[in-house]
Structures are given as C-alpha cells and as structure tokens.
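Beneath this line is the structure, given in structure tokens, with notes to follow.
The values are calculated or read from the model by the stated rules, or taken from the named source; none is laboratory data. Remember, predicted model here, so these are calculated numbers, not experimental data. No Cβ is skipped: glycine too gets one built from the backbone with ideal geometry, and neighbour counts run over all protein chains shown. What goes into the accessible areas is simple: the full protein's heavy atoms, side chains included, and nothing from ligands, DNA or RNA. Shrake-Rupley method; radii C 1.70, N 1.55, O 1.52, S 1.80 Å.
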Amino acid sequence: MTGLYLGFDTSAAHCAAALLWVRPEGSRTAVVAEPMAKGQAERLLPMIEGLMAAQGVTFADLAAVCVGTGPGNFTGIRIAVSLARGMALSLNVPAIGVTGFDAARQAAGLAQPHWALIDAPRGQVYAQKFGPDATPPQIVPTETAFDAPVVRWSDLAADAIAVAVAQAGARLARDPQPRPAPFYLRSADAAPPSDPPPAILP
Amino acid sequence: MGKTLTFLGIESSCDDTAAAVVDSTGRILSSEVEGQVVLHAAFGGVVPEIAARAHAERLDHVVERALATAGVGLRDLDGIAVTAGPGLIGGVLSGVMLARGLAAGTGLPLIGVNHLAGHALTPRLTDGLDFPYLMLLVSGGHCQFLIVEDVDRFRRVGGTIDDAPGEAFDKTAKLLGLPQPGGPAVEAEARAGDPRRFAFPRPLLDREGCDLSFSGLKTALLRARDAVMANAGGLRLQDRRDLCAGFQAAVADVLAEKTRRALSLYLELSPARAVCAVAGGVAANQALRARLETVCQALDVQFLAPPLRLCTDNAAMIAWAGLERFRAGLVDPADLVARPRWPLDATAPVLIGSGKKGAKG
C-alpha cells in the first residue's frame, strides 16, 4: 500500500527506527539505529522524532506504525509495542505487529523454504519454518539440525531489522491486522506457592 | 482561576490498569480501573511479569474506554499524566511508553507523576483541602505518614521498615486459607472473633517515632496458627476467627498509636484547619478506620477518607496530580523516566529493610 510507514524495534540490545516510503515509482528508506543494552524507553521516541525531522516528515504523514513484537527481551518488546499502540491511538492509523521471524524472512527475501531463527536464552533458539511445510514459532535447542536453509535474525544489523519491520508491516497493512501484542513465545516464570493452605475444620 | 483544564491520567504501577479524565475543577469525567485479581490468584501474590503482560495489552483499551465514558477526544484534552513510578517496572514502562505515543501524536504536554503523590494529593481532588495536611497511606505496597506541604513538597515522618499492612493482611489470609485480596476476608472473619485470645506483638510500639513494622506480626500469626492446628489436626473455624481478630487488633493498635504521634508532629505546624486523610486499600477496613477516627477526634483533627474507589489505585488521582503539577509549572521531562523506586521525600532517612537500592517509595 502506498504511503509512509514507520518501523521500529527494541527487542534485543539495540534501538532502531526506519521510515519507508512506498510509492508507485519505487520505495525509499531512511533509518537510524544504535546498539543499546538499556535506556531504550528514554531513547526510542527522541530517536524516531529525530529521524522524522531529518527527513522533513511529521507524525501526521504516517500511514501506519509498524513494530517488532519479538520474541526477544520481554521488557524491550513491551516498550516498543506500548509506544506503537499509543501512537496508533493518537494518530488514528493502524499499528502493525511484525514478529522477528517475519522480519528475518523479509530481510532475507527468500522464496524457497527456510527457517527463521532468533537467539533465545539458555542454549535455545526461537525457530519458525516458512514454505510449503511451514511450522508455527517454537523453541528448540541450539544444536537442532534444520531441514532447510536458515536465516538468523540475530545476525542482522539493527538498521536492517528496523527496515524489515517497516517493509513487512507495509505488506501486512494491506489487510486489517489485530493490535500489535508482544510475542513472548515463553510463558511468564511464575510458580504457584509451595505451602498448601491449612485444612479447615468446623 | 483561568480556563478549565482537562487531563487524561494513566496508571499501571501494580495490578490495576487504569485511565481517567479529570478537569481542573475536580470533576471526574471518567475513571476506568481494570483489575488483575484473577490472573494472579493461583500464585498467592502479584507476579510482576504476569502484571506487565496484562498492562501492555490492556492499557490502550482502557484509555479508549475512559475517553468514551467522558465523552471527550484526545484533542479535547489539555494534557496527559502518567505514573512513572514507584512500582513494578514492567507495568510502569508500558504506561509511560503508551503515554509518550499519545503525546507524540497529539502534541499534548505529558507529565510524569509519582504514584504516591497521586494518593497524597487525592484529598485536594475530593475535598479541596488546603496545605498542610497529614496523609496516612496504607496499601498493599506502601505504608507511610506524609505531611503534605505543597504540590511537590511531602515530608515523610514515618513509615514501615518492612511489610506494608495490606501485604500482611494478604499473607494472613493465605496462611489461614482465606481468599485474596486478604483485607476484606480477614476483616469479615475478625468480626466474629475474640481479639484478646491470642497475644500478638505490637511491633515498634515501644520505640519513639512513627516508623512501623509488620513482618514480625506475620511470623507470630504463623506460629499461633501452627500451635492451634497441632492440637486440632487442622484449622478450626473459630480459631481462624480469633486469629483474624487478634491480628487485626494488633495492626489497629500500632496504626492508631503511630498516627497519634504523626498527628502531634503535624499539629506543631499549627494548621488553620487540621486534617488527617487516609488513602490505600487498607483504609477500607472499618475497624481500622474507626480507631483512626477516634485518635483524630481526641486531638480535634478532622478525619478524611476519600471514597474507596479513589483510595485504591486509580488514574483519576494521577490525572489530578498531573493537573496540579502542570498548573504549578512543575513540568520536567526527567519525571518521565520510569523507575521502580521513587521516594516522595528525598530528604527523609532511608528506612531499614528497604534494600541496598534505597527506599522504594
């Protein structure tokens, strides 16, 4: 869909934002990215505003806001998703969630079947296969043998991730999308209390 | 007075997702609160990651409801206020980021509000109180006495050195097989119990000052429970009622005496109209409230308890605190940095037991 798309991602140790102009005569991007282990919450919006000012565009010019939803750092993906939802509400434009798998696939531009992989903690990797025998996203050990070429999201540069988020989002925006939600793939670490309640007697 | 200002408030620092629209005359146009009791019920307490996940996906919906109920659009507002701490950082971050997005798209001023300041300024929203007044904040996460001197001047004269009373009520309920939240359940049981049967400690009552402690009381309750259960092979209903009554009486005694001491410090300021206000969920406990009223009456101080929906976590208080700060010209981008710890009174000594990172609030 033609228009100006904003994409951003803070799902790993970076802060990255891209603008994507989709026009009949061709597309153009502008991007800004920094490695960042913490402080994304303070940096993300000023970085986006700086990028937009440098390109002479305003929030009112946006057709949609595209956001990387993970899987990745839980706090990082909530930071980006929450900002995207706030922007969408105030600008009355759609917010589009793009998983790391979709971003990796977009960045690789692969037509043949392949696995998109994202580094996960504790010797594991998040994996999703695209192609005729596609799989849902899953968590597998790092030593897993994959039955198709692999695309590693974690090897992408942060600026390439932001661009891929904007591009994949622009593609998804052709159809109505649900509000972006963090894509955790791992459940919250929480255990029920170990001490049972007392037996109650009359 | 100038033009009437209208603010949106956003709150997500614990287990309530809240949004409200309030104007500068003190009119609450809407106040939406979506709780998470069901989500945390199986875990015997609020699980930070579960709370954060819920806030991230609920906040914008709750804001939309608050605007719709108030019958205003974002562009009818004069500003947005959001809780930036203290609290569970995941939820606070989601609230701050959503608010940043709302402000970026509308160009509205954005004010970061201290959650405790929201509670502490509520009596001005509900009753137009003048400074200074004494504030007793008693909730699941906090317990402190504040002399509220101005919009941004809070003198902390005492507080808990360990657990908050609301937390103690919840843990008591858990130990006695009662449902969460524990406050109402323990209070209901206590009504039919004998408060004199178990001799529970009154922690720190023998020490000077207004600091409180509740963790020893919790341990004493566990010991008393185990003792009666060892005899009976389980917990008898009447034993449970008596344990609840004894526990509640101990909390009431401590809060009453410490409130009396905080009031005498406050009265040294010779306020034109002496008022003691309460906030926090524990303020809903009728037995505790009656004791506090008695203490206030004896010192000729007005006792003020805002309606419960404005005592517990809500966003109307955040919108109001934002309005007060905005009108006073207290707008600082640094206030928007989400933080788990943010003491209202930076000059008060750090409390024992508040951890190596300092006082949480």
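Can you confirm whether B:Phe214 is touching a helix residue (DSSP H, G or I) at 6+ places or on another chain (Cβ under 7 Å), under 25 Å from B:Pro181 (Cβ atoms), more than 14 Å from every other protein chain (Cβ to nearest Cβ) and modelled with pLDDT under 95? So B:Phe214 passes the test. Figure legend. Inter-residue proximity from the range B:31-50: first residues facing chain A (nearest Cβ under 9 Å), second residues assigned to a helix (DSSP H, G or I) and open to solvent by 60 Å² or more (accessible area, probe 1.4 Å), beta-carbon distance below 9 Å, spacing 6+ or different chains. Indicated pairs: B:Gly44/B:Lys171; B:Gly44/B:Lys174; B:Gly45/B:Lys171; B:Gly45/B:Lys174; B:Val47/B:Leu39; B:Pro48/B:Ile89; B:Ile50/B:Leu39.
Within the range A:181-196, residues that are facing another protein chain (nearest Cβ under 7 Å) have Cβ atoms under 6 Å from residues that are part of a loop (DSSP other than H, G, I, E, B) and open to solvent by 90 Å² or more (accessible area, probe 1.4 Å) in no pair, counting only partners at least 6 apart in sequence or on another chain. Listed by first and then second residue, the pairs with beta-carbon distance under 8 Å, at least 6 apart or on different chains, first residue in the range B:182-203 and in the same structural domain as B:Leu288 (by TED's automatic domain parsing) and under 16 Å from B:Asp253 (Cβ atoms), second among the basic types (Lys, Arg) and open to solvent by less than 50 Å² (accessible area, probe 1.4 Å), are B:Gly193/B:Arg240.
Taking the conditions exactly as written (modelled with pLDDT of 95 or more and either open to solvent by 50 Å² or more (accessible area, probe 1.4 Å) or more than 14 Å from chain B (Cβ to nearest Cβ) (or both)), does A:Ala199 satisfy them or not?
Details: modelled with pLDDT of 95 or more: no; either open to solvent by 50 Å² or more (accessible area, probe 1.4 Å) or more than 14 Å from chain B (Cβ to nearest Cβ) (or both): yes.
For A:Ala199, the condition - modelled with pLDDT of 95 or more and either open to solvent by 50 Å² or more (accessible area, probe 1.4 Å) or more than 14 Å from chain B (Cβ to nearest Cβ) (or both) - is not met.
Taken residue by residue, the range B:175-197 has no member that is open to solvent by 40 Å² or more (accessible area, probe 1.4 Å), outside any strand (DSSP E or B) and closer than 29 Å to B:Arg325 by Cα. Being more than 25 Å from B:His115 (Cβ to Cβ) and either in the same structural domain as B:Glu149 (by TED's automatic domain parsing) or open to solvent by less than 30 Å² (accessible area, probe 1.4 Å) (or both) is a property that does not hold for B:Val282.
Name the one entry in B:Asp127, B:Asp163 that is surrounded by fewer than 20 Cβ atoms within 10 Å (Cβ to Cβ) and more than 14 Å from every other protein chain (Cβ to nearest Cβ).
Values: B:Asp163 fails: surrounded by fewer than 20 Cβ atoms within 10 Å (Cβ to Cβ).
Answer to the check: B:Asp127.
Which strands (runs of 3 or more DSSP E) sit wholly inside the range A:1-118 and have at least 1 residues that are buried (at least 24 other Cβ atoms within 10 Å of the Cβ)?
Values: elements: A:3-9, A:14-23, A:26-35, A:62-68, A:95-98.
Counting at least 1 such residues, we get A:3-9, A:14-23, A:62-68, A:95-98.
Among B:Ala250, B:Ala256, which is open to solvent by less than 20 Å² (accessible area, probe 1.4 Å), in contact (Cβ under 8 Å) with a residue 40 or more places away in the chain and assigned to a helix (DSSP H, G or I)?
On the way: B:Ala256 fails: in contact (Cβ under 8 Å) with a residue 40 or more places away in the chain.
So the residue among B:Ala250, B:Ala256 that is open to solvent by less than 20 Å² (accessible area, probe 1.4 Å), in contact (Cβ under 8 Å) with a residue 40 or more places away in the chain and assigned to a helix (DSSP H, G or I) is B:Ala250.
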